[in-house]
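Just so you know, all these numbers are worked out from the coordinates, no wet-lab data involved. Since the structure is predicted, the reported quantities are computational estimates derived from the model, not experimental observations. We place every Cβ from the backbone using ideal geometry, glycine too, and count neighbours over all the protein chains shown.
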There are 2 protein chains.
Amino acid sequence: MNVHDYLEAHKDAILRDVIEFASIPSISTDPQYQGEVARAARWVAQQLTAAGPLEVDIIETGGHPIVFAEWLGAPGKPTVLVYGHYDVQPPDPLEKWQTPPFSPTLRGDRLYARGVSDDKAPLLTTIKVAQAYFASEGRLPLNVKFLFEGEEEVGSPSLEGFIKEQAERLRADFVISADGAMWRADVPSLNVSTRGLAALEFSVFGPGKDLHSGRHGGGVANPLHAAARLIASLHDENGRVTVAGFYDDVEGLSLSERQAVTELPFDEAAYLAEVGSPTPYGEAGYTTLERQWHRPTLEVNGLWGGYQGEGSKTVIPSEAHAKITCRLVPRQDPKDIVQKLTRHLEAHQPEGVRLVVRVPEHSASAYRLPLEHPGLRAAQEVLRDLYGKEPLLVGVGGTVPVCETFQRHLKMDTVFFAFGVGDEDIHAPNEFFRVPRLHEGLGAWARLWERLGQDV
Amino acid sequence: MNVHDYLEAHKDAILRDVIEFASIPSISTDPQYQGEVARAARWVAQQLTAAGPLEVDIIETGGHPIVFAEWLGAPGKPTVLVYGHYDVQPPDPLEKWQTPPFSPTLRGDRLYARGVSDDKAPLLTTIKVAQAYFASEGRLPLNVKFLFEGEEEVGSPSLEGFIKEQAERLRADFVISADGAMWRADVPSLNVSTRGLAALEFSVFGPGKDLHSGRHGGGVANPLHAAARLIASLHDENGRVTVAGFYDDVEGLSLSERQAVTELPFDEAAYLAEVGSPTPYGEAGYTTLERQWHRPTLEVNGLWGGYQGEGSKTVIPSEAHAKITCRLVPRQDPKDIVQKLTRHLEAHQPEGVRLVVRVPEHSASAYRLPLEHPGLRAAQEVLRDLYGKEPLLVGVGGTVPVCETFQRHLKMDTVFFAFGVGDEDIHAPNEFFRVPRLHEGLGAWARLWERLGQDV
């Protein structure tokens, strides 16, 4: 039985393991779920141990543990570092889920669960391919290190320190990321850039307590008005960010880059239908794909204050709060952007309220993979063989902070080899993963390792 | 034993009844508490029945019941209609209460409970004065009708219909309101104007579901940005409402009116210390008291959307929501203001989102009591005697919708005779009532009725 026969024979068992993995609520942002995140780490370690003669280690950090494993039994062959994450986003708003987020449910060929696409099925795929190689051939076609973290959804605060400390242990020719997703379900694609992230939260404080809006209305400033004014000040009427210096380090797109994006098969009407927005919107002068992949953005992720219940409550609330994240492009420094944003908020602070800015430890620079990278070329070949057409090279609007961290500290590039699809409602209710993609991904990872092992 | 001796002898028992009354969570805005509101109505009716030979009636409405009672045994004497409300505001935010809102707690000379100042202690005062008269003299010094509603905190939606239908039953020389409050604790005052109310809620809908702000950021409009922009558009930088026509029907203050307000003993620094705001703020060109009493305002009472939990969640939320109320001055029509506000929001609707406006049934016109009203003159005399100084005539920033309703349908003016104080955190956490004011109020109501009974 070769590796592919093994994978085919075990596909139902593998799906059952994906379901078991996705039923663990490993929500890294919420301290209440710390025990569940730890449980997920142990589950991943057990899977690695069961896969074959891997050295497996659960490494405690200041936050959630890192699971590391390696097999270096192919001297003279390349070494790859496989990256993934076992933590997930919070499932809110819970009431919008058709089935509970941590009760994975098959409907048609889709498996619904929080984290199943981002990143549990893709992560487990890589372990199962190792298991298949060990079971069928007794070895892997190249040297493999696995690095699975539990803090990706909170900006990987522990990972950078770990990478710096354990540089030798992590050394490889390059990274293959099981995180990320294909652009669309109908065309194979490979991600060659990700945007960075800068985060900031602010609160506006007015009166010391909620006040009766009749008795006091007209007397003192309303923190909700102030917060709205601050947020409205962050963009101009053309959707451009107005924070001074925000675009200073942004390299404009070259004509050929714009041409390449323009030539991609992108159906804007279909995109709008998919996300449910009435029209596209964003920075004037750029196409939707350019704005999502190659232009920085500033989004308010949460805004709240005052009465949200049934009926009315006539208050001037004492507080208002906002959570903001920016997506960055290469050369923008997250710390610099946060400073500029802080200065903007301070300069625009409305009268009669007190502004407090907090900067979460949650930032990352953008990343671009060189188009001539041998790992990318190998991945292109595998996808071309599997799908019978040339994979598109696309950008990613989201952030995979470790790419830039691997590059900075270990001079290692990252090849994305992902079989989730960008429409799978990651970070939203009813996240799902296409079950056929699980099988395609298993076969493709097996071929990619084989191909990379032959390269030498 | 005369009426005053009776009240003195029973003051502890009366306080115990206030505590029992304030322990009923009669939150009219929240459908979950419908049974508790009904229980409060029955409690009030039992108090009236126990007070003496009153005809007591609990009248069902489309909403919460009205409690009505009357004693018309003084032919030739004036008839007054005593108004109050037994419903209360919601207690949120619960975590800010030092003791539970519906476990009335004495600390020093203050009784803390939701609704104790607005309006349970003042309402019960009037029943206890009737009881004292019946017990000590077998009769009241004038004819009295009691009208207690359970929907004041939701804009009295049933009351107007009731007043129209039962006009003859409610007919009196004028209304005395046990709702309202004195301006300050250290100076007696009488309210001679209240502001009206217009309410509007809106929602902004963007994508059909929460989207990943990395993947989609830059592609579609963010409803939180749109809501913030709409709210920011409602005031100019001088705190003036920018809704077209908002001030059209507002009568400017005359020089003598401004002079009268200016001469009131108002310590702005002390006011700011009380409410905890860093500076006063509001429409430029007016003093704080002018803005609170005699100028219309627009306040956002609630604003929310996206992620509000611990940590971060990088979404473009699908929805944002806001609740708005305006306080109006005489001649402004709430329906007209809501229309103008709706037109403003529609005209300013940002690109890429869908705006939905809802108009709650919650509105009222402003009201002014003629300064020569005989009921006002009697109240002035009683307070002058009780406190040894001339009561101030003040405005009220808040809304007592029934004043204008009584005026419109029954041509009856409303005299406010209130012993709560404006600093008692009504509509906020830790609402309280000053216990000595309970005793002062009992004595004063007894004197006022006596004085009005002698007028003929």
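Points to keep in mind about this one:
- Pairs of alpha carbons in the stretch B:250-336 whose separation is greater than 22 Å (percent): 50
- Charges were assigned to the Cβ only: +1 to each Lys and Arg, -1 to each Asp and Glu. The resulting dipole of the stretch A:253-292 about its Cα centre is roughly 80 debye.
- Measuring r between the beta carbons of residue A:137 and residue A:373 and using R0 = 35 Å, the FRET efficiency lands at 0.85.
- Theoretical FRET efficiency, 1/(1+(r/R0)^6), r = Cβ-Cβ of residue B:109 and residue A:237, R0 51 Å, to 0.05: 0.35
- Averaged over B:68-76, number of beta-carbon atoms from partner chains that fall within 10 Å: 0
- Across the identical copies, how the residue B:49 labels are spaced - nm, sorted shortest first, 7 Å along Cα→Cβ: 7.3
- Förster radius 51 Å - calculated FRET efficiency between residue B:34 and residue A:259, Cβ distance, rounded to 0.05: 0.20
- Compared with the dominant Cα axis of chain B, that is its longest principal axis, helix B:435-454 is turned about 60°.
- The tail of the calculated P(r) for chain B, taken as Cα-Cα distances beyond 35 Å, holds 33 percent of the pairs.
- In this simple spin-label model, placing a label point 7 Å from the Cα along the Cα-to-Cβ direction at both residue A:49 and residue B:60 gives a separation of 6.8 nm.
- For residue B:162, net neighbour charge (Lys/Arg +1, Asp/Glu -1) across residues whose Cβ lies under 14 Å away: -3
- Label-to-label distance for residue B:357 and residue B:269 is 4.4 nm, based on points extended 7 Å past Cα in the beta-carbon direction.
- Of B:164/B:323; A:11/A:411; A:335/A:411; A:323/B:323; A:164/A:335; A:11/A:164, those spanning more than 27 Å from alpha-carbon to alpha-carbon: B:164/B:323; A:11/A:411; A:11/A:164
- Among the residues of A:268-277, the average count of other protein chain beta-carbon atoms within 10 Å of the residue beta-carbon is 5.
- Antiparallel bridges, percent of DSSP beta bridges restricted to the protein assembly as shown (to nearest 5): 70
- Contact order relative to length of chain B, as percent, for alpha carbon pairs under 8 angstrom and 6 or more apart: 26
- Electrostatic dipole magnitude of chain A [Cβ: Lys, Arg +1; Asp, Glu -1; Cα centre; debye, to 20]: 420
- Neighbour counts of C-beta atoms inside 10 Å place B:148, A:146 in the sequence A:146, B:148, starting with the fewest.
- Inter-copy label distances at residue B:252 (7 Å, Cα→Cβ; nm, one decimal): 5.3
- Plainly put, the tip 7 Å out from Cα toward Cβ on residue B:274 is 5.9 nm from that tip on each other copy, the closest given first.
- Using alpha carbons only: equivalent-ellipsoid semi-axes of the stretch B:1-130, gyration tensor based, whole Å: 27, 20, 10
- Inter-chain shielding of B:202-211 (mean C-beta neighbours from other protein chains, 10 Å cut-off): 5
- P(r) tail fraction, the protein assembly as shown - alpha-carbon pairs more than 51 Å apart, %: 34
- Sorting the segments B:364-377, A:387-400, B:285-298 by their residues' average number of neighbouring beta-carbon atoms within 10 angstrom, most packed first, yields B:285-298, A:387-400, B:364-377.
- Each helix, a run of at least 4 DSSP H residues, gives -39500 (n - 2.57); summed and divided by the residues of chain B, these come to -10500 deg cm²/dmol at 222 nm.
- Charge dipole magnitude, Cβ of K and R +1, D and E -1 - the protein assembly as shown, Cα centre, debye nearest 20: 140
- Rg and Dmax [Cα atoms of the stretch B:386-440; Å; Rg one decimal, Dmax integer]: 14.2, 37
- For the stretch A:253-292, alpha-carbon Rg and Dmax in angstrom: 11.0, 31
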